[in-house]
Amino acid sequence: MSQTMMSLRRSSTVQAEPVEQPQYLTFRVGGEIYALEIIHIKEIIEYGGLTEVPMMPRFLRGVINLRGAVVPVIDLAVRFGRATTEIGKRSCIVIVEAEYGDDWHDLGVIVDSVEEVLELRPEDIEPPPAFGAQLRSEFIRGMGKIEGRFVIVLALEHVLSIDEMAELASAQKQIDPDLES
């Protein structure tokens, strides 16, 4: 009888499945806090081992060897129209996966420091501001509200746009001619 009661209780009690909130990695660039959805993040590595590549766009600081793969490294500050990032003790490279055509490519982005991983509910993300932002509006997916402050949630597909991805892919191919298109 207790088994029947147990099954009745389960069936009569409506339990919502826990919904996982999207997680975001927060980091600093030029004093501002930004966030990227963690689904795009592969790893975070110490800054170093960067090889400069001549005649590349200014925002492309160079490439690194990541377990045998050539990975372009982008200076987000320069990409955002600011001065070159000054490398400090907490500077690091965040390795992200970005889609280009039908393929996924690893890219490194230089950040001043990594802050934390946090959950943001969709209702905690406001639309990007129409004006007044220090970034191009297409770079901003929204403004995340966290404990009374805002975090700029980046739109990775725009920050690393198709045109610039093509430049990066071309640079990668010049460095490693064995890569296939």
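Laid out as a table, the results:
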quantity: Within the range 58-78, backbone nitrogen closer than 18 Å to the virtual label 7 Å beyond the Cα of Lys42 toward Cβ; calculated: 60-76
quantity: Efficiency of FRET between Glu97 and Arg149 - r from beta-carbon atoms, R0 35 angstrom, step 0.05; calculated: 0.80
quantity: Qualifying trypsin sites (Lys or Arg not before Pro) in the range 52-157, DSSP loop, other Cβ atoms within 10 Å at most 11; calculated: Arg58, Arg67, Lys89
quantity: Antiparallel DSSP beta bridges within the range 25-131, as percent of all bridges there, nearest 5; calculated: 90 percent
quantity: Other-chain or far-sequence residues with amide H under 5 Å of Phe80's (modelled H); calculated: none
quantity: Placed amide H near Gly49: partners under 5 Å, 5+ positions off or other chain; calculated: none
quantity: The range 38-116: C-alpha gyration tensor shape, a/c 1.5 cut-off, then a/b vs b/c; calculated: rounded
quantity: Residues whose placed amide H lies under 5 Å from that of Leu120, excluding near-sequence neighbours; calculated: Tyr24
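Taken together, the values in this text are just the output of simple stated rules run on the coordinates, not laboratory data. Just so we're clear, the structure is a prediction, and the values are computed from it rather than from any experiment. Here the Cβ is made from the backbone with ideal geometry for all residues, glycine too, and neighbour counts use every protein chain on show.
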